[in-house]
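Take a look at the structure set out below.
The values are calculated or read from the model by the stated rules, or taken from the named source; none is laboratory data. Keep in mind that what you see is a predicted model, and the values were worked out from it rather than measured. Here Cβ is always computed from backbone atoms with ideal geometry, including for glycine, and neighbour counts include all displayed protein chains.
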């Protein structure tokens, strides 16, 4: 197995605790990577603004992969590469989510739109990304501006069924996948966390086999499939653990820091 030259980590459920904290051990772990000459960056379902609160304190200088890797931005949040959901796929997604009574949000590159401010997960998202949404009754004007659509629901089984149904309807026009048990994301076609990993490999001139990836949910599987050392969190879903080369502790037990120690030990073994 190749020596690891870059670590790409998910954010929620991976880098941070359940209450969205970056622990001292996690900060120290990223510092260890820098000391070892190993690059580090983040990819997440979050919008760009929701990643900066972690990328800044960690001193990340490499591009970030927001919107499940379908966009690439500099640490300053300047856009390097951006893709949008086709308007027809936006309309299909909104229709299905509305039909199932699921709360729907739309993210553009620099804004977050909701229809109602009493949705169960709106306060949760505001706390997570530290950004306030804009309330808009009609999403039609956003059909050609959407970077991500989110269906939010406390009915996890319903979202799982909708994931399958919506992906069947969308075909290859967009990607529908859960980033949390309570979030179903729709993102642009042909772009995911795996393509972000591949883009970073190309940018740095390294093979994907020299990249370690850390994650916990279905949207992390794409980067697990292309990276040399996929590591699942202890809190990860079973299908994510099955595809991992190593399973670390949970995000609430400093599993991120433990995973970094595992990577450093892997490199020391040569």
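Descriptive notes on the structure:
- Yes/no for residue 52 being assigned by TED's automatic domain parsing to the domain that holds residue 235, over 19 Å from residue 213 (Cβ atoms), without any contact (Cβ under 8 Å) to a residue 60 or more places away in the chain and crowded, with 17+ Cβ neighbours inside 10 Å: yes
- Complete set of residues in the range 245-265 that are more than 16 Å from residue 30 (Cα to Cα) and in a helix (DSSP H, G or I): 252, 253
- Odd one out for residue 249, checked against (1) touching a helix residue (DSSP H, G or I) at 6+ places or on another chain (Cβ under 6 Å); (2) surrounded by 16 or more Cβ atoms within 10 Å (Cβ to Cβ): (2)
- Filter result for residue 132 (in contact with a strand residue (DSSP E or B) (Cβ under 9 Å, 6 or more places away or on another chain) and either part of a helix (DSSP H, G or I) or crowded, with 16+ Cβ neighbours inside 10 Å (or both)): no
- Identity of the residue in the range 24-39, in contact with a helix residue (DSSP H, G or I) (Cβ under 7 Å, 6 or more places away or on another chain) and surrounded by 17 or more Cβ atoms within 10 Å (Cβ to Cβ), that ends up nearest to residue 127 (Cα to Cα): 26
- Counting only helices (runs of 4 or more DSSP H) that fall entirely inside the range 168-244 and contain at least 2 residues that are buried (at least 22 other Cβ atoms within 10 Å of the Cβ), the qualifying elements are 193-204, 221-226.
- Qualifying residue in the range 29-36 (condition: more than 22 Å from residue 215 (Cβ to Cβ) and either without any contact (Cβ under 8 Å) to a residue 40 or more places away in the chain or over 20 Å from the mean Cα position of the chain (by Cα) (or both)): yes
- Selection of the range 59-71 for residues being part of a loop (DSSP other than H, G, I, E, B) and within 17 Å of the chain's Cα centre (by Cα) yields 60, 62, 63, 66, 70, 71.
- Pick from the range 112-125, criterion within 17 Å of the chain's Cα centre (by Cα) and not in a strand (DSSP E or B), ranking: surrounded by the fewest Cβ atoms within 10 Å (Cβ to Cβ): 124
- Subset of the range 72-88 [assigned to a loop (DSSP other than H, G, I, E, B) and touching a helix residue (DSSP H, G or I) at 6+ places or on another chain (Cβ under 7 Å)]: 75, 77
- Residue 198 vs. criteria in contact (Cβ under 8 Å) with a residue 24 or more places away in the chain, in the same structural domain as residue 29 (by TED's automatic domain parsing) and in contact with a strand residue (DSSP E or B) (Cβ under 6 Å, 6 or more places away or on another chain): no
- Residue within the range 221-244 that is under 26 Å from residue 109 (Cβ atoms) and in contact (Cβ under 8 Å) with a residue 60 or more places away in the chain present: yes
Residue by residue, here is whether (1) touching a strand residue (DSSP E or B) at 6+ places or on another chain (Cβ under 7 Å); (2) in a loop (DSSP other than H, G, I, E, B); (3) not assigned by TED's automatic domain parsing to the domain that holds residue 77 holds:
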position: 97; (1), (2), (3): yes, no, yes
position: 101; (1), (2), (3): no, yes, yes
position: 128; (1), (2), (3): no, no, yes
position: 146; (1), (2), (3): yes, yes, yes
position: 150; (1), (2), (3): yes, no, yes
position: 166; (1), (2), (3): yes, no, yes
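- Checking 242, 161 one by one, the residue that is outside the structural domain of residue 21 (by TED's automatic domain parsing), out of contact with any helix residue (DSSP H, G or I) (no Cβ under 9 Å at 6 or more places or on another chain) and more than 23 Å from residue 46 (Cβ to Cβ) is 161 and no other.
- Just one of the listed residues (147, 162) is more than 29 Å from residue 63 (Cβ to Cβ) and in contact (Cβ under 8 Å) with a residue 24 or more places away in the chain, and it is 162.
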